[in-house]
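Beneath this line is the structure, given in structure tokens, with notes to follow.
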Amino acid sequence: MTLVLGLCFGFANAQEQSVSGTVSADGAPLPGVSVVVKGTQTGTVTDFDGLYTIKASSTDVLIFSYIGFATKEIAVSGKTSLNISLEEDASELDEVIVVGYGTQRKKELTGAVVQVKSEELAKTTTSDIGTALQGQIAGVNITSSSGQPGEEANILIRGFSSLLDGQNGPLYVVDGIPYNSDPQLSISEIESIDVLKDAASASIYGTRGAGGVILITTKQGKVGKMDIRVNSEYGVQDITSGTPLMSSYQLTYMDMLRGAQSSGKVQGGVNAEIHRNRSWFTNDTQLEDLILNDLAPIQNHSVNVSGGKDGLTYNFNASFYDQSGIMINSDYSRFNIRSNTQFTKGNWKIATGLTFKRDEKTLPNYGVFNKILEYKPFQPDIELGQTELTDVTEDDVDEPGGIGPIRALGGVARNLNTKEVRDGTSNGANIQIDFDATPSLKFTARGGANFSHDKGVRIIPRLDVYNTAGDLIPPNPWDISLIQTSVTDNNKLTFEGMMNYHKRFGKHDLNVLLVNSLEQTENEYFRAEKRDNADAAVTVFDGYTTGDLITSGGRDYTRTLIGYLGRIQYNYDGKYIFSGSIRRDGSSQFSPQNRWGWFPSASLGWNVSDEAFWEPIKETVNSFKIRVGYGTTGNDRFASYSNQAVVDLGQDYVFGSADVDPSLDSTTETPALGTTQERYANENVKWETSKERNLGVDLALFNGKLTFSNDVYVSEKKDLLFGVVNPPSTGVFGSNRSSILNIGDMRNTGHEMALKFNHYGKKGFNWNMGLTYAKNVNLVTKTSPNNPVIFLDNSYISQRGPQELVSVIREGYEAAAFFLRETDGIIKTEEELEAYREIDPAASLGQLRYVDQLTVDTDNDGIPDAGDGKIDQDDKVYKGSGSEDFNMGFNFGANYKGVDFSMNWYGSQGAEVMNGSKAYAYQSGTHADIYYSWTTVNPTSDIPYYDGSPNTNSYRDASDYFLEDGSFIRLRNISLGYTFPSKLSDKMKIAKLRFYVQAQNVFTITNYSGFDPEVGNNGFSSRGIDQGTYPVTSQYKVGLQLQF
């Protein structure tokens, strides 16, 4: 509708004429200067020689602007020739920065707030906002821990804010409407992103600001003729590394050697395999060729239409993003539409926004990537979509020991053919009404609604396996075919009422804000599942059996948040600045006695460079500001109704059971409907709170060419929430076995620096560079006396082995610290074996040797000085974590006569990575290292012996043998573009024509031997643990940008 209105707008213009001239600086022509007719979108840019020509009426005013130079407005006054000279200016200090519930000039900021403009975001094309911000903001750690199409980057602002998995991410606010997760906007919709890093800035959002706040401003229309911008991009993806595996020959040799060592026979354990599967000896299957796709395509297209006239402006954006996965059964596509309008009449202003999103995502079965590591190359080929495997063994179906490996083969085939398809739609609308009651007093009402519907279908297909006699080999019970359908509806309503009073009294500037906020979210979920498909060709519910093999479940909850906010901002003569706020939030997540929380903040700023004593150096050091702030934030993002006991219906009671009365016939047992308590409630659960102190300085030198920011902070996290597992004796199990408790405290201490330099050449060669540095030290300062050490549920490194947990929450260490068995080489001689059997009587040659740590105090001096003679949980020691010591980012850009170049580097130092992919391949007996492992014929090797079992003592998960340095330096993004001269594009009736090539993640320097050292998520239980997740891809793209 907005687009139709835009196309129908007509504009009355005075008689136009051609105005031309030269724009220069210090006598040298200045190319690339923007020349715009004021109040319109009519514009052009100067060419390589600083020349311009534009259509304008005799009464128009022309605006000349260029980065790093003061903007000039010149009246045409009937002239046809205007030559203009621009002067350098530290204009960055006058930039308008978006803060919570308002804007401020950068000079007046008292908090740690960073802005990224649309021009910087456009350098990276991605499906999520986080990836576009990588390496650009100090203190904002962004990791692409999965290459799964459509997967969001994980964002940590100033370290962990919570111990709850998946709840460390920031709050997103789009045009004033809050979202708890990435709103999945197209980059082409966004005008700017402002990140509130410190609590003094984020506390204005109270209970949701603990993880920081990302404020997104979408594009709005401007008065002038219609402006159309089109961007089209296409590319391919690839992965460049992998886990080395043995060939068929090497595997066979090692099987024979292992069998010879265990049986004393030359043929060893291979004889049975030769007899059972004769064709396998000629196979050389590479499952990687089946699972991975070479040069998977990726494309992104967008169109933006904007314009307007006095009193009414519009902006319309449509975009399409499509990414095929480099792994089977994985892809993502999304279609976004956004329409923004603004209507102004007298003292009233009404802004509206309408959005629509449709996306579809296909996911492979979890752990499918690990099948590459598990599958042996002498096993037969598998084809996607096949419904049966024939002639795979000569064993009879009555030989369960013999058909075990064949059953496993069928399980692998089912896994590869399993997929899940999720598709969803989202519709949103928001409106903001502003009324200027007086020049100083404004009232605002803002409302938003978002309705989303998501459906998921997961299918594990039927796949039958036959021996050479044509007999069906029954699958393992857990490999049975399955169809599962789920539907989620999420409806969210937001309303805010605001009153803002802004008044200047001489040198005094006062701004007072009052806000009332209400937010309600309704979520409804339903899932149904049927198993045992009767016909592999039928994959709908009716094609599956019924009876006991059908299950269903669901949930329906409502969350409500009410907030009241007051803020005062004051500055005297632009030198001395104060900002203070207090917010009171009430959340339905808590019981009535703990429902409300207070979140105050205060910050001060001093523009030292505005003092008289600064004048002698102000021409060089243009700006120097000191900032200090204190703020509190909270967190209520955890499972709903955790403060209440949840009761569920079920046929869990049996009356007339033979187990109760032996005289009764067991065939008459009848389950009776009853209720059970699913989990234990904690009505005393209360807010997580974060109290942060921040000290910062900002500098600008050489007319704003060089800027520098430096911040240090200490953030104390109190009453941290965590799901503590109840013992089995309580009767709760599965997903309900944990209760949410406030278990402890945590501290983040950090240092951030950002340096930027812009050089504006007189002859058209401009370049800029930016450097960021961030260090965050995390420490758990308190844990519950009842739970002093908590092993994190998801912190196993491999699904193949014993799945030991490696990450803990423990006082005195960072969250998710690795506690592992320390290794001391392998047992190579009989003497070493005899000595080690004092600790482990079952030890054998070639086995890893674990250190018996000092845990016994023999002389009663309070200091352990001896081992306890066994290897157990007490021998696990601290071995670092997946959290880095520090990270750095480097950005560089340059342009000259239409050619533009940019690149972004990112480095991380000090993180440890548990190489789960390596462990999985070791435990599967396929890793190339095993060919060179210790054996009786290779007794000097430092690689432990593989005894044929994934649970071998040498390959246990929780040891430092699989721990590696995860430090890396990566070229995240590099692009080269060319904007055609206006003389050429004007002939094609195009205002701007640019062609570019771009590459992402193309070069990495690291000692890590796995696919990618950048692993983990915005929780922490699996941070720094490579569990064989979807690898991050390299991307190569070409694109075209048009402006009309």
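Tabulated data
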{"item": "Residues that are touching a helix residue (DSSP H, G or I) at 6+ places or on another chain (Cβ under 9 Å) and within 23 Å of Gly147 (Cα to Cα), drawn from region 215-260", "result": "Gly242, Thr243, Pro244, Leu245"}
{"item": "Residue count for region 1018-1044, restricted to those that are among the hydrophobic types (A, V, I, L, M, F, W, C) and under 24 Å from Phe160 (Cα atoms)", "result": "3"}
{"item": "Considering residues of region 999-1014 that are within 23 Å of Arg800 (Cβ to Cβ) and in contact with a helix residue (DSSP H, G or I) (Cβ under 9 Å, 6 or more places away or on another chain) only, the residue surrounded by the fewest Cβ atoms within 10 Å (Cβ to Cβ)", "result": "Ser1009"}
{"item": "Out of Asp26, Asp49, Asp60, sole residue that is modelled with pLDDT under 80, touching a strand residue (DSSP E or B) at 6+ places or on another chain (Cβ under 6 Å) and acidic (Asp, Glu)", "result": "Asp49"}
{"item": "Residues located in region 548-572, provided they are touching a strand residue (DSSP E or B) at 6+ places or on another chain (Cβ under 8 Å) and farther than 27 Å from Trp598 by Cβ", "result": "Leu549, Ile550, Thr551, Ser552, Gly553, Gly554, Arg555, Asp556, Tyr572"}
{"item": "Selected residue [farther than 29 Å from Ile930 by Cβ, among the charged types (D, E, K, R) and not in a loop (DSSP other than H, G, I, E, B)] from Asp868, Asp824, Asp874, Asp859", "result": "Asp874"}
{"item": "Residue in region 209-217 that is at positive phi and crowded, with 24+ Cβ neighbours inside 10 Å present", "result": "yes"}
{"item": "Strands (runs of 3 or more DSSP E) completely within region 162-202 that count 3 or more residues being of a type in the set (A, V, I, L, M)", "result": "171-174, 190-196"}
{"item": "Residue list for region 630-644, filter: part of a strand (DSSP E or B) and within 17 Å of Leu741 (Cβ to Cβ)", "result": "Gly634, Asn635"}
{"item": "Scope region 102-113; condition surrounded by fewer than 21 Cβ atoms within 10 Å (Cβ to Cβ) and touching a residue at least 12 places away in the same chain (Cβ under 8 Å); matching residues", "result": "Gly102, Gln104, Arg105, Lys106, Glu108"}
{"item": "Pairs where the first residue, in region 871-899, is in contact (Cβ under 8 Å) with a residue 60 or more places away in the chain and of a type in the set (Ser, Thr, Tyr) and the second is outside any strand (DSSP E or B) and surrounded by fewer than 16 Cβ atoms within 10 Å (Cβ to Cβ), C-beta under 6 Å, 6+ apart", "result": "Tyr896/Phe765"}
{"item": "Enumeration of residues in region 316-359 that are in a loop (DSSP other than H, G, I, E, B) and more than 20 Å from the chain's Cα centre (by Cα)", "result": "Ile328, Asn329, Gly346, Asn347"}
{"item": "Of all residues making up region 968-989, the number that are surrounded by 20 or more Cβ atoms within 10 Å (Cβ to Cβ) and either under 27 Å from the mean Cα position of the chain (by Cα) or charged (D, E, K, R) (or both)", "result": "5"}
{"item": "Restricting region 66-85 to residues that are at pLDDT below 85 and part of a strand (DSSP E or B), the residue that is surrounded by the fewest Cβ atoms within 10 Å (Cβ to Cβ)", "result": "Thr71"}
{"item": "Pairs where the first residue, in region 611-639, is more than 20 Å from Asn748 (Cβ to Cβ) and at pLDDT below 90 and the second is polar (S, T, N, Q) and surrounded by fewer than 17 Cβ atoms within 10 Å (Cβ to Cβ), C-beta under 8 Å, 6+ apart", "result": "none"}
{"item": "Considering residues of region 274-308 that are farther than 30 Å from Tyr1036 by Cβ, surrounded by fewer than 18 Cβ atoms within 10 Å (Cβ to Cβ) and of a type outside the set (Val, Ile, Thr) only, the residue modelled with the lowest pLDDT", "result": "His275"}
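For every residue, the table says whether it meets (1) at pLDDT below 80; (2) closer than 30 Å to Lys918 by Cα.
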site: Gly353; (1), (2): no, no
site: Asp359; (1), (2): no, no
site: Phe369; (1), (2): no, yes
site: Thr387; (1), (2): yes, no
site: Gly402; (1), (2): yes, yes
site: Asn417; (1), (2): no, yes
site: Gly424; (1), (2): no, no
site: Asn427; (1), (2): no, no
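The values are calculated or read from the model by the stated rules, or taken from the named source; none is laboratory data. All values derive from a computational prediction rather than experimental measurement. Neighbour counts are summed over all protein chains in view; Cβ atoms, including those assigned to glycine, are modelled from backbone coordinates with ideal geometry.
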